[in-house]
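Before any comments, here is the structure.
Rule-based calculations on the coordinates, nothing more; no lab input. Since we're looking at a predicted model, the values are computed, not measured. Cβ atoms come from the backbone with ideal geometry, glycine included; neighbour counts cover every protein chain shown.
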Amino acid sequence: DAGVTQSPTHLIKTRGQQVTLRCSPKSGHDTVSWYQQALGQGPQFIFQYYEEEERQRGNFPDRFSGHQFPNYSSELNVNALLLGDSALYLCASSEGLAGRETQYFGPGTRLLVL
Amino acid sequence: DAKTTQPNSMESNEEEPVHLPCNHSTISGTDYIHWYRQLPSQGPEYVIHGLTSNVNNRMASLAIAEDRKSSTLILHRATLRDAAVYYCILTMNSGYSTLTFGKGTMLLVSP
């Protein structure tokens, strides 16, 4: 059973560009969450998708947007990249939204903005 | 989400048990206690979770205080592969499954 997969593994962009990151959830999972992890910090919650809708959002600007597809996979889009957007972007999936559900993380996409 | 407090770092020797503490004095009756760990250059990995009773799985044990204001993650025999940052996180059963990560405890394991 494949776990959570993310692509690409690494990415280099320049300031002002736009980027799209992709995530496929663990089999049987319908909920996808995205996190940003800056170097030396714990992951920070960006947003969560369920039934193709954004259900919850962390303290991130509108430059960060996402989408969930009918097969539960998801994309994270970041517009007008800033140097501070350089980070590891993590996708996590779970069976539903409830607080008791376990989240399973992918290996992440490391984004470097120059 | 209620806040947790963990030591910044702990050290252990290989093959010895490790007890990682977590304080969560403002926990509510329906909050779940989750533990995740993050190995270097990897995404976080689920370890264990519980509500009121102690829990065991193949990776670890979770001991929850009777008043639920603290918990301890127990690794019965530490290996070098257990060197990681361990996060103790509370989630509301009635809330969402999103996780609020603190700084966690960096566990160093010596051979």
> In which sequence would B:Thr72, A:Thr9, A:Thr20 go, from the one with the fewest C-beta neighbours within 10 Å to the one with the most?
Replying inline: A:Thr9, A:Thr20, B:Thr72
> In chain A, what percentage of the DSSP-assigned beta bridges are antiparallel, given to the nearest 5?
Replying inline: 90 percent
> What does the charge add up to near A:Leu76, with Lys and Arg as +1, Asp and Glu as -1, over the other residues with Cβ less than 14 Å from its Cβ?
Replying inline: +1
> Based on the inverse mean of 1/r over its pairs of different Cα atoms, what is the Kirkwood hydrodynamic radius of region B:41-83, in Å?
Replying inline: 11.6 Å
>> Take B:Asp67 and A:Asn77, extend 7 Å from each Cα along the Cα→Cβ direction, and tell me the distance between the two endpoints in nm.
In response: 5.1 nm
>> Below 14 angstrom from the Cβ of A:Arg63, what's the summed charge of the other residues (Lys, Arg +1; Asp, Glu -1)?
In response: +1
>> For region B:65-111, what are Rg and Dmax over the alpha carbons, in angstrom?
In response: 13.7, 43
>> If a paramagnetic tag sat 7 Å from the Cα of B:Met59 along the Cα-Cβ line, which residues of region B:14-43 would have the backbone N under 12 Å from that point?
In response: B:34-39, B:43
> Where does the longest stretch of chain B lie that holds no GluC sites (Glu not before Pro) found in a DSSP loop with 11 or fewer other Cβ atoms within 10 Å?
Replying inline: B:16-65
>> Counting only Cα atoms, I'd like the Rg/Rh figure for the protein assembly as shown, Kirkwood definition for Rh.
In response: 0.98
> For B:Arg37, what is the net charge nearby, where nearby means another residue's Cβ is under 10 Å from its Cβ and Lys, Arg count +1, Asp, Glu -1?
Replying inline: -2
> Sorted from fewest to most neighbouring beta carbons within 10 Å, what does the list B:Cys22, A:Cys23 look like?
Replying inline: B:Cys22, A:Cys23
> What are the GluC sites (Glu not before Pro) within region A:1-67 that DSSP puts in a loop, where the Cβ has at most 15 other Cβ atoms within 10 Å?
Replying inline: A:Glu51, A:Glu52
>> Can you compute the equivalent ellipsoid semi-axes for region B:14-111, i.e. the square root of 5 times each eigenvalue of the Cα gyration tensor, sorted largest first and rounded to whole Å?
In response: 23, 15, 11
> Using the reciprocal of the averaged 1/r over all distinct C-alpha pairs, how large is the Kirkwood radius of chain A in Å?
Replying inline: 14.0 Å
